[in-house]
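Read through the structure below, which is laid out as structure tokens, and then see the notes.
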Amino acid sequence: MGRFFSCPLASANGQENPNTPFIIERFYVYLPTLNHYIYDMTSTLNFITWSVSPELFSIGSFAIRWYGVLLALGFFLAYLTLSNIFKTEKLSQQLLDKLSIWCIVWTVIGLRLGHFLFYEPQYLIHHPLQVILPFDENWHFIGYQGLASHGAVISLILFLSYFAWKHKMKPLWLLDRLCVVIPIAAAMVRLGNLMNHEIVGSITEVSWAFNFMHGGYSVADTLRHPAQLYESIVYFALYIFMLTYYFKITKGNIPAGRTMGILLTVIFTARFFIEFVKEVQVNSEVGMTLNIGQWLSIPFIIIGLGLLIYSYINKNNIPHYVEPKPKTSSK
């Protein structure tokens, strides 16, 4: 829908500025299910007012948030993709379910602990229970606020290495297959951040800038890079590439370390550069040339490049896994 009107634009101090152009046309895209406007685009200013509520719906004090829904959807899509991989390699549903459940558990643990270890270690020392439980220090329910992807990657690598050892798999065989599915979960998490008006970009004048209306003090009514979208687009593109590479190009015959190397290199290189247009996450990052997220990304980029080099040098090293048949009790 479009509506037309003319009005002078205000200057930064709120006064009418006679030297600025007039808004000629303003477009609204209305989503009935959200019950309010999502986009507010102007033809002369070219920015997007992002006013979607972080809550999908609420019943009394209980609310379902977009972030939780998108996080669950990301896990579900990753599970479906991994299921197809297991069917291709003739592995059992039981093994898939066991692996998937523990991957979700350790991902959440890593996300949570990673944030406090890397960004707020003092809070971890003084409020250890609040790191584990979804309540603040006054025991008000706040959900899990504060998640770090670097922590999730570390916890997953450790868990998958243990899982591979327990089931007599080559660790890189298992890691390579999980790296095919991880990008879709990562993409959905960043869309959840977008819906939550969090992890916003720095102030900008680009034509696609977002005004995060529920971003809170110092964020609302400022024009910022949609950094969450930048990352999400990279992860979606990587997911499509990974599907094509596994199912069409290699048909499951992946040189050891190849997809893990691709994932670590692409995700953390993108993360390193996108951090330059992100707002700082904690006060301790103010004034830093490279922020915490960038310093944490560098080792993963190096590991990713090392795995890629290794996979090309040893391109004939293509591990497979044959699942042992379940033991039957003899009578």
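Whenever a residue of the range 79-101 is in contact (Cβ under 8 Å) with a residue 24 or more places away in the chain and surrounded by 16 or more Cβ atoms within 10 Å (Cβ to Cβ), it has no partner that is among the basic types (Lys, Arg) and part of a loop (DSSP other than H, G, I, E, B) lying with C-beta atoms less than 6 angstrom away and at least six residues away or across chains. Among all residues of the range 235-253, there is at least one that is touching a helix residue (DSSP H, G or I) at 6+ places or on another chain (Cβ under 9 Å) and of a type in the set (Lys, Arg). Listed conditions (1) surrounded by 18 or more Cβ atoms within 10 Å (Cβ to Cβ); (2) of a type outside the set (Gly, Ala, Ser); (3) touching a residue at least 60 places away in the same chain (Cβ under 8 Å); (4) assigned to a helix (DSSP H, G or I) are all met by Trp173, apart from (1). For the structure I just gave you, tell me whether Ala209 is of a type in the set (Gly, Ala, Ser) and out of contact with any strand residue (DSSP E or B) (no Cβ under 9 Å at 6 or more places or on another chain). No. Going by what's in this entry, would Asn283 be described as assigned by TED's automatic domain parsing to the domain that holds Tyr67 and either more than 30 Å from Ile318 (Cβ to Cβ) or of a type in the set (D, E, K, R) (or both)? Spelling it out, Asn283 is indeed assigned by TED's automatic domain parsing to the domain that holds Tyr67 and either more than 30 Å from Ile318 (Cβ to Cβ) or of a type in the set (D, E, K, R) (or both). When Ala152, Ala237, Ala186 are checked against the criterion of being surrounded by fewer than 16 Cβ atoms within 10 Å (Cβ to Cβ), in a helix (DSSP H, G or I) and hydrophobic (A, V, I, L, M, F, W, C), Ala237 stands alone in meeting it.
I'd like to know if the range 315-322 contains one or more residues that are out of contact with any Asp or Glu (no Cβ under 6 Å at 6 or more places or on another chain) and over 24 Å from Leu82 (Cβ atoms). Within the range 315-322, one or more residues are out of contact with any Asp or Glu (no Cβ under 6 Å at 6 or more places or on another chain) and over 24 Å from Leu82 (Cβ atoms). Taking the criterion of being assigned to a helix (DSSP H, G or I), modelled with pLDDT under 95 and small (Gly, Ala, Ser), would at least one residue in the range 250-264 satisfy it? Checked the range 250-264: no residue is assigned to a helix (DSSP H, G or I), modelled with pLDDT under 95 and small (Gly, Ala, Ser).
Condition check ((1) within 23 Å of Val153 (Cβ to Cβ); (2) crowded, with 19+ Cβ neighbours inside 10 Å) across all residues:
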position	(1), (2)
Phe247	no, no
Pro255	yes, yes
Leu264	yes, yes
Glu275	yes, yes
Gln294	yes, yes
Ile303	yes, no
Ile318	no, no
Glu323	no, no
Pro326	no, no
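The values are calculated or read from the model by the stated rules, or taken from the named source; none is laboratory data. Please read these numbers as outputs of a predicted model, since none were measured by experiment. Heads up, the Cβs are rebuilt from the backbone with ideal geometry, glycines too, and the neighbour counts pull from every protein chain shown.
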